[in-house]
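Input: a single structure, listed below in structure tokens.
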Amino acid sequence: MVGTRMEKDALGIVEVPESVYYGAQTKRAFDNFPVSGRTFPRSFIHALGLIKKHAASVNARLGLLDPKLAKVIGEAAGEVADGKLDGNFILDVFQTGSGTSTNMNANEVIAGRANEMLTGKRGGRDPIHPNDHVNLGQSSNDVIPTAIHVAAVCAIGDRLMPALEKLLDVLRRKERDFSGIVKIGRTHLQDAVPISLGQEFGGYARQIELGLERAGRAADVLSELALGGTAVGNGLNTHPEFARGVIQHLSEETGHTFHEAGNHFEAQAAQDGVVEASGELKTIAVSLVKISNDLRLLASGPRCGLGEITLPSLQPGSSIMPGKVNPVIPEMVIQVAAQVFGNDATIAFCGQGGYFELNTMLPVMALNLLESIEILASAAGLLADRCVAGITANREKCEALIEQSLALSTYLVPHIGYDRASEISKEAFATGKTVREVVLGKGILPEDKLDEIFSRIKPTQSA
């Protein structure tokens, strides 16, 4: 039989399992919010642990906390940051809108573990108290927004941007490799004038290059932290140097630059920075959809589609059709983007949840923002490694489609005029002949002149 112990909070006594580090407030919240089974992401708990760790050391330096207690609190908070106590973070993300339940979950776990270090007895509120010591100089209302920003900036810098850089690198490589392969361009899903396959991939590369800039802007807007505002933004019960000190330590430990909010009332009452950052992520997702859709269309077939490129064969594509291989990585990317679009819509709605001095939809904003970053990073990395890196070009198919294209009549316009070139195109379509065959058959231009004109079928810009 699992043992229990009694924990106390302002409302009275609560029975909790003996094996856990959390206390009464966490257990009440666990009982109150049996909603989805979805908890805060690991990246958020990591950030929360870092905040508590450095809060303790700064409070000790400022003479507000016994250095011996601060040391043990820092060690326990470090274990939270490192994921060693994740089993104690049990609360559903759909909870009180400020995230107070999860802030207290962290305070109780850190206090409970620190007390075990000092006394050998797990949990409790003595000698280290979850509010008086672990939460010293803080409020859920500034800690939770700070944790969201710290977690997101770290995830963007450590996960998303490296994945986008990898994708950019392989797209640039394909741009160079395919620069000499001429293919038909397409607008409105109809044949247009020729381009090089390298130019097409160069366009994709530029989308990702701009995506990197957008990710950087998202990180920049999230680098401003609410810490120091405490309950309503006026900094009640915190030392004026507290936030600056903690933020400096966060910057040093994570390798990402953070700074204190220019206006704490804005930083807690609104979450416009999260909304803006989510918009940048959504745009990156749009770029990935464009690229993925093009890749699967260019590779369609293998015999009855465009077939201008070949994607790597990763797995059988059908439970009934032998030999079928599907573009599974682009399909995965498009589904990831759909989730990011939905997350962004949720974040935009939550961004309107600020009434007076606090936004009260913080947990859902955290969940959706951090999920978007994580799945975009995974999708971009997989697109690079398991799809783009292995793409090969079908030069013969590209050349054959150009020869069949009616858009070649565009090259005739400077020599015979638009109207006559249009008539040639119509006749070629009606008869199934090529533009070249119609021109030669009617004796409109001599063959050597036509060869000279069509020899200009090459990229109009360097790839």
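The values are calculated or read from the model by the stated rules, or taken from the named source; none is laboratory data. Predicted, not measured: the structure shown is a model, and the values here were computed from it. Neighbour counts run over all protein chains shown; Cβ positions are idealised from the backbone, glycine included. Only protein heavy atoms, including side chains, enter the accessible area calculation; ligands, DNA and RNA are left aside. Shrake-Rupley method; radii C 1.70, N 1.55, O 1.52, S 1.80 Å.
Nothing charged except the Cβ atoms of Lys and Arg (+1) and of Asp and Glu (-1): what's the magnitude of the dipole of the chain about its Cα centre? Round to the nearest 20 debye.
For the chain, the charge dipole is close to 880 debye.
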What Kirkwood hydrodynamic radius, in Å, does region 200-288 give when the mean of 1/r is taken over all pairs of distinct Cα atoms and then inverted? 14.7 Å
Treating only Lys and Arg (+1) and Asp and Glu (-1) as charged, each at its beta carbon, one finds that region 298-410 has a dipole about its Cα centre, in Debye to the nearest 20, of 400 debye
Expressed as a whole percentage, what fraction of the accessible surface of the chain belongs to carbon and sulfur atoms when a 1.4 Å probe is rolled over the protein heavy atoms? 53 percent
Compute the length gained on full extension between residue 360 and residue 10: take 0.36 nm times their separation in residues and subtract their Cα-Cα distance, giving the result in nm to one decimal. 123.8 nm
Please give the per residue accessible area of region 88-237, computed with a probe of 1.4 Å over protein heavy atoms only, in Å². 34 Å²
What is the ratio of the Cα radius of gyration of region 386-463 to 2.2 N^0.38 Å, with N the residue count, to two decimals? 1.30
At 1.002 mPa s and 20 °C, Stokes D of the chain from Kirkwood alpha-carbon radius, µm² per second: 84 µm²/s
Once Lys and Arg get +1 and Asp and Glu get -1 on their Cβ, which of 129, 91, 29 lies farthest toward the positive end of the dipole of region 1-146? 129
Charge sum, other residues only, whose C-beta stays under 15 Å from residue 294's C-beta, Lys/Arg counted +1 and Asp/Glu -1: +2
Which semi-axes, in whole Å and largest first, does the equivalent ellipsoid of region 319-366 have when worked out from the alpha carbon gyration tensor as the square roots of 5 times its eigenvalues? 40, 8, 7
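Counting heavy atoms of the protein chains only and a 1.4 Å probe, report the per residue accessible area for region 280-386 as a whole number of Å².
Numbers: 4980 Å² over 107 residues.
Each residue of region 280-386 exposes 47 Å² on average to a 1.4 Å probe.
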Show me, for region 38-49, the HN-Hα J-couplings you get by feeding each phi into the Karplus relation (A = 6.51, B = -1.76, C = 1.60, θ = phi - 60°), rounded to Hz, glycine and proline as x. 8, 9, 4, x, 3, 4, 6, 5, 4, 5, 4, x
Mind pulling the angle between the C-alpha long axis of helix 161-177 and the longest principal axis of the chain? Nearest 10 degrees, somewhere in 0 to 90. 10 degrees
Residue 318 accessible area, assembled protein chains, probe 1.4 Å, Å²: 30 Å²
Euclidean distance of C-alpha centroids, region 286-360 and region 201-277, integer Å: 29 Å
Across 52/84; 183/324; 183/397; 53/84, pairs whose alpha-carbon gap is larger than 19 Å: 183/324
Top positive-direction residue, dipole computed over the chain with Cβ charges, set 302, 39, 416: 302
Mean projected area in nm² (Cα convex hull; one quarter of hull surface) for region 189-343: 14.0 nm²
Whichever aspartates and glutamates have a C-alpha closer than 17 Å to that of residue 121, once near sequence neighbours (fewer than 8 apart) are set aside: 7, 15, 18, 75, 108
May I ask you to compute the full-extension gain from residue 119 to residue 2, defined as 0.36 nm times their residue separation minus their alpha-carbon distance, rounded to one decimal in nm? 39.9 nm
In debye to the nearest 20, how big a dipole does region 212-302 give about its Cα centre with +1 on each Lys and Arg Cβ and -1 on each Asp and Glu Cβ? 460 debye
Classify region 310-458 from the C-alpha gyration tensor, please: rounded if a/c falls under 1.5, else prolate or oblate depending on whether a/b exceeds b/c. prolate
Cα gyration tensor shape of region 192-245, rounded if a/c is under 1.5, else prolate or oblate by comparing a/b with b/c: prolate
Mind grabbing the base-10 log of I(q)/I(0) for region 1-41 at q = 0.25 Å⁻¹? Debye formula, identical points on the C-alpha positions, no solvent, two decimal places. -0.90
For region 1-82, build the convex hull from the C-alpha positions and give me its volume per residue in Å³. 134 Å³
Whenever you get a sec, line up 232, 58 from highest to lowest accessible area (probe 1.4 Å, protein heavy atoms). 232, 58
Kindly state, to the nearest 0.05, the FRET efficiency for residue 234 paired with residue 257, given R0 = 30 Å and r defined as their beta-carbon distance. 0.70
Can you give the extra length, in nm with one decimal, that the chain gains between residue 452 and residue 433 once fully stretched, where that is 0.36 nm per residue apart less the Cα-Cα distance? 4.8 nm
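Which of rounded, prolate, oblate describes region 87-220, given a ≥ b ≥ c as roots of the alpha-carbon gyration tensor eigenvalues and a/c under 1.5 marking rounded, otherwise prolate only if a/b is larger than b/c? Could you put the intermediate results ahead of the total?
Working: a/c = 4.53, a/b = 3.56, b/c = 1.27.
Prolate is the answer for region 87-220, as a/c is 1.5 or above and a/b outweighs b/c.
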May I ask which residue of 140, 110, 435 lies farthest towards the positive end of the charge dipole of the chain, with charges of +1 (Lys, Arg) and -1 (Asp, Glu) on Cβ and the Cα centre as origin? 435
If I take R0 = 56 Å and measure r between the Cβ atoms of residue 212 and residue 319 in this structure, what FRET efficiency does the formula 1/(1 + (r/R0)^6) give, to the nearest 0.05? 0.90
